[in-house]
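The values are calculated or read from the model by the stated rules, or taken from the named source; none is laboratory data. Here the structure is a predicted model, which is why all the values come from computation and not from measurement. Cβ sites come from the backbone with ideal geometry, for glycine too, and all protein chains shown count toward neighbours. Just the protein is used for accessible areas: all its heavy atoms, side chains included, with ligands, DNA and RNA removed. Shrake-Rupley method; radii C 1.70, N 1.55, O 1.52, S 1.80 Å.
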Amino acid sequence: QVQLMESGGGLVQAGGSLRLSCAASGFGLSMSSMAWYRQAPGKQREFVASTSGGGNTNYADSVKGRFTISRDNAKNILYLQMHSLKPEDTAIYYCVKTMGSVSWGQGTQVTVSS
């Protein structure tokens with residue numbers, strides 16, 4: 001059974017950094033395409049970043065240069081390193097398995113204060 005468990009969210013001041021983690025189980029992360037999405041209050045869920053099984057990465061324009069998606073295949077963990085956080089980055093962040101059967105984690109709250 002595929003499970004995705006996000007952690008690492010919290011409250012941070014503008015300009016600060018956070019690293020989100022997504023512990024995957026029930027499948028091997030190394031060959032799977034994965035992504036991070038987020039949903040801000042009153043807004044639709046939006047794409048943040050993705051990584052393919054081959055290691056290619058893509059980012060939303062709004063986070064390019066500030067966020068980095070990576071994975072530790074040995075630990076089966078997906079990461080999202082976030083720097084220079086802005087109040088508009090405030091959202092619930094979701095880890096998503098995008099290859100094969102799509103699966104979503106429960107999300108982790110990130111709040112950036114001005």
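Does M34 count as closer than 16 Å to S101 by Cα, hydrophobic (A, V, I, L, M, F, W, C), under 14 Å from the mean Cα position of the chain (by Cα) and surrounded by 14 or more Cβ atoms within 10 Å (Cβ to Cβ)? Taking the combined requirement at face value, the residue satisfies it.
From G65, G53, G16, which residue is within 15 Å of T98 (Cα to Cα), out of contact with any Gly (no Cβ under 9 Å at 6 or more places or on another chain) and in a loop (DSSP other than H, G, I, E, B)?
Values: G65 fails: within 15 Å of T98 (Cα to Cα); G16 fails: within 15 Å of T98 (Cα to Cα).
None of the other options fit; the residue is G53.
For the stretch 65-80, the set of residues classified as within 19 Å of S33 (Cα to Cα) and exposed (fewer than 15 other Cβ atoms within 10 Å of the Cβ) consists of S70, D72, N73, A74, K75, listed by residue number.
Taking (1) open to solvent by less than 60 Å² (accessible area, probe 1.4 Å); (2) among the charged types (D, E, K, R); (3) in contact (Cβ under 8 Å) with a residue 40 or more places away in the chain in turn, R19 satisfies each apart from (1). Of all the criteria given as (1) at pLDDT 95 or above; (2) open to solvent by 60 Å² or more (accessible area, probe 1.4 Å); (3) among the small types (G, A, S), the one not satisfied by A24 is (2).
Do we have T51 as hydroxyl-bearing (S, T, Y) and open to solvent by less than 20 Å² (accessible area, probe 1.4 Å) here? Lay out the reasoning, then the answer.
Details: hydroxyl-bearing (S, T, Y): yes; open to solvent by less than 20 Å² (accessible area, probe 1.4 Å): yes.
Answer is yes for this residue.
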